[in-house]
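Below you'll find the structure, written out as structure tokens, and then a few comments.
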Amino acid sequence: MQLISFSLFLPSLINWLIPAIIMSFVVTHETTDFIHKEVTIEKGGFVMTGLFLLTLAVAVSVPNFLSNPGAWNDYGFRIF
């Protein structure tokens, strides 16, 4: 397992480093003035947050209720 994680380190570092170097030349170091504006939650914002929390709760609880592991036994959805 240690060999696998180390073998992924170098490609991950390269995939992070190349865009970082390119962006360091392109992005300017100026700061702009900003307008202080009061933030309000738009219509449906609480509904979307509730659906997100419901999705998390279902993803955690359904495998426990059906006595299946989270990956559904690696064979897809099974009820029995």
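The values are calculated or read from the model by the stated rules, or taken from the named source; none is laboratory data. Owing to the predicted nature of the structure, the values given are computational and were not obtained by experimental measurement. Using ideal geometry, Cβ is built from the backbone for each residue, glycine included, and neighbour counts are taken over all protein chains shown.
Yes or no: the range 38-47 includes at least one residue that is outside any loop (DSSP other than H, G, I, E, B), at pLDDT 90 or above and surrounded by 10 or more Cβ atoms within 10 Å (Cβ to Cβ).
Yes, there is a match, as at least one residue in the range 38-47 is outside any loop (DSSP other than H, G, I, E, B), at pLDDT 90 or above and surrounded by 10 or more Cβ atoms within 10 Å (Cβ to Cβ).
Could you list all residues from the range 6-32 that are assigned to a loop (DSSP other than H, G, I, E, B) and of a type in the set (S, T, N, Q)?
Thr28, Thr31, Thr32 - these are the residues of the range 6-32 that are assigned to a loop (DSSP other than H, G, I, E, B) and of a type in the set (S, T, N, Q).
Looking only at the range 28-53, count how many residues are under 17 Å from the mean Cα position of the chain (by Cα) and aliphatic (A, V, I, L, M).
Residues flagged as under 17 Å from the mean Cα position of the chain (by Cα) and aliphatic (A, V, I, L, M) within the range 28-53 amount to 3.
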